[in-house]
Amino acid sequence: MKIYAKKIVTTLIIIFLYIIFSKNLCFAETVKTMTIVLDPGHGGHEFGSINYDYGIMEKDINLKTTRYLRDYLNNYYGINIIMTHDGLADNQEMEIVDRSMVARNNNADLLLCLHYNATGSIYEEANGAEVYVTSRREQYKYYDESKEIGELILRNLGRIGIASRGVKTRLCNDTEEKWQYYDGSRADYYGIIRYCMKGPGDDRGINFSNGSGIQAILIEHAFIRGSDFQFINTDEKLKRIGEADGQAIVEHFNLKLKTEVPNSITLDKDDLTLFVGEKQTVNATIKPDSAKNKKVIWKSSDSSIVKVDENGVIEAIAEGTAKVTAIADGNEAIKKEITVNTIQPHIDIENGAETSVIEGNKIQLFTDIGKLDCDVVWKSEDENIASVDSNGLVQGLKAGNTKITATIEKFNVEASITINVTKLSEEQKIEIIDYKEENGVISNFDRETNKENFIKHFNIPKDFEINITYLSKDNIYVGTSAKIEILDSDKNVVQTYITKLYGDVDGDGIITARDYTFIKNDIMNLKKISSEIMKSTADVDNDNVITTRDYTFIKNDIMNLKKIEKR
Ligand SMILES: [Zn+2]
């Protein structure tokens, strides 16, 4: 009893899971691709029935009708048509089993075998269409579905005027194995149906109860002689018959015209990189233009990282990577995927260590915003203590502390440091002797100036130090863009300067051909000098533009014709 209870519970769970997982979780339409094999009955030296009065052979009208059917179905999407033959030479024939094997080998969904009927004797009159299907009922697709299709075909032929003799089954009478199916029961009489169901060979063949039998439908469209002849006596009429078969297939399988089904989707953007908080719209185009349903379904592989709405608006939610897929609503096989990488936007104030500035002096702050390309807004909490301009240049105004904040408003991220403005006594005042100082930039020194030289010329208190950071660590002389820091006895940076040496564009403290190469590349627009300080250094003649004149100054200097004077 307990074992039975367990079995029942297990069965219920399996049924429950089946229901859950078999639900179509995707809303897009599935356009199934199916294979249909068309078999024009007879062919070659096998004529089939004959209308002697008009010299018409069944093999010829079978082939014509099949070609019309093929052409009709080829207008529909998701259908693969295979013909067992497209006309045989007069000395050829094609075995029934070989026709069936075309369907079996292609794992066809259906085989349609096209014939025209005849009575045994020319004196016997009969009319109407009849359809033969398998007698087997192991699966819906065998007898039940075949009968439904057969009835649609007969209905459509009826609209042409051909009477219906019904959908029929016919069984073998013999008792040998080859006339039986796997279970020993009588097999279907018509070879095309029998071999499609059980496979080749003169035995009972395979057990097709698992669905491995191929559905085959034999259609006797009309009688080749007698009163039915009026329905088949022109190619135009044969075409209508082929189309009647085709319409039944289209209706039963709900096929859609190729011109109405999406067959491609393109996106106007490739893989994207977005900052968290950023949105980007991706537009999808569905072809053909005549597609009935051009709606697009958007999906994200991970909506905790990237969200996408029904209009293709992609939003970066968190840092990571997700795939966004656009699926044609009218045909889910048509889709396009892009990868979206998301980056958390950040801002850091780089020189966070330099937090002191002497009253009246300036200190330059820099930010690191990674790959972002957007404006930074600088703000001082107390404008009376220190001001900051739009480029992060801080000026100490009054002794005290204030917070300087750099914000990327677009992403609402900020960084801040506290600036300490100090007042120095008269004797502590730092003076720059000989050199010219403007906005934290020192110029007007000789190019042979080294660190010792600088220390000598800065009139700084004894317990203070100077730290020079060269642009390149191999430098001997102070060149352009060296950073001079003045540190107090507690090793706090109290002042920062940047150096500028005219003609020394590359910052190595010596004037060489490398410097005029920079100028040359700038003039020729090969590579513009981007740094402001390098630009002003390259402008040797101080006329605010970089020209060949500046280049000449440097050349003359190198050739010892005329040395660049300090300014
Ligand atoms: Zn025939």
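Tabulated data
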read-out: Filter pass, GLY87 being surrounded by fewer than 17 Cβ atoms within 10 Å (Cβ to Cβ), at pLDDT 95 or above and within 16 Å of the ligand (Cβ to nearest atom); value: yes
read-out: Top-ranked residue in segment 330-345 [being buried (at least 22 other Cβ atoms within 10 Å of the Cβ) and closer than 30 Å to ASP289 by Cβ; ranked as nearest to the chain's Cα centre (by Cα)]; value: VAL340
read-out: Filter pass, GLY120 being closer than 20 Å to ALA103 by Cβ, at pLDDT below 95 and out of contact with any helix residue (DSSP H, G or I) (no Cβ under 7 Å at 6 or more places or on another chain); value: no
read-out: Qualifying residue in segment 274-293 (condition: touching a residue at least 60 places away in the same chain (Cβ under 8 Å) and basic (Lys, Arg)); value: no
read-out: Of residues in segment 38-76 being assigned to a loop (DSSP other than H, G, I, E, B), surrounded by fewer than 18 Cβ atoms within 10 Å (Cβ to Cβ) and in contact (Cβ under 8 Å) with a residue 40 or more places away in the chain, the one farthest from the ligand (Cβ to nearest atom); value: ASN75
read-out: Strands (runs of 3 or more DSSP E) completely within segment 100-191 that count 3 or more residues being within 43 Å of the chain's Cα centre (by Cα); value: 110-117
read-out: Subset of segment 524-546 (residues that are surrounded by 17 or more Cβ atoms within 10 Å (Cβ to Cβ), within 52 Å of the chain's Cα centre (by Cα) and in contact (Cβ under 8 Å) with a residue 24 or more places away in the chain); value: ILE529, ILE533, MET534, SER536, THR537, ALA538, ILE546
read-out: Test: residue in segment 474-494 that is part of a helix (DSSP H, G or I), of a type outside the set (D, E, K, R) and outside the structural domain of ASN401 (by TED's automatic domain parsing); value: no
read-out: Pick from segment 103-133, criterion more than 19 Å from THR169 (Cα to Cα) and charged (D, E, K, R), ranking: surrounded by the most Cβ atoms within 10 Å (Cβ to Cβ); value: ARG104
read-out: Only listed residue being in the same structural domain as GLY205 (by TED's automatic domain parsing), within 16 Å of the ligand (Cβ to nearest atom) and not acidic (Asp, Glu), chosen from TYR143, TYR116; value: TYR116
read-out: Failed criterion for GLY213 (all others in (1) under 30 Å from ASN105 (Cα atoms); (2) out of contact with any helix residue (DSSP H, G or I) (no Cβ under 8 Å at 6 or more places or on another chain); (3) outside any strand (DSSP E or B) hold); value: (2)
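Matching residues to (1) without any contact (Cβ under 8 Å) to a residue 24 or more places away in the chain; (2) assigned to a strand (DSSP E or B); (3) in contact with an Asp or Glu (Cβ under 9 Å, 6 or more places away or on another chain):
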{"site": "SER390", "(1), (2), (3)": "yes, no, yes"}
{"site": "GLN395", "(1), (2), (3)": "no, yes, yes"}
{"site": "THR405", "(1), (2), (3)": "no, yes, yes"}
{"site": "SER416", "(1), (2), (3)": "no, yes, yes"}
{"site": "ILE442", "(1), (2), (3)": "no, yes, no"}
{"site": "GLU452", "(1), (2), (3)": "yes, no, no"}
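The values are calculated or read from the model by the stated rules, or taken from the named source; none is laboratory data. Given the structure is predicted, the values throughout are model-derived calculations rather than measurements. Ideal geometry is used to build each Cβ from the backbone, glycine not excepted, and the neighbour counts take in all protein chains shown.
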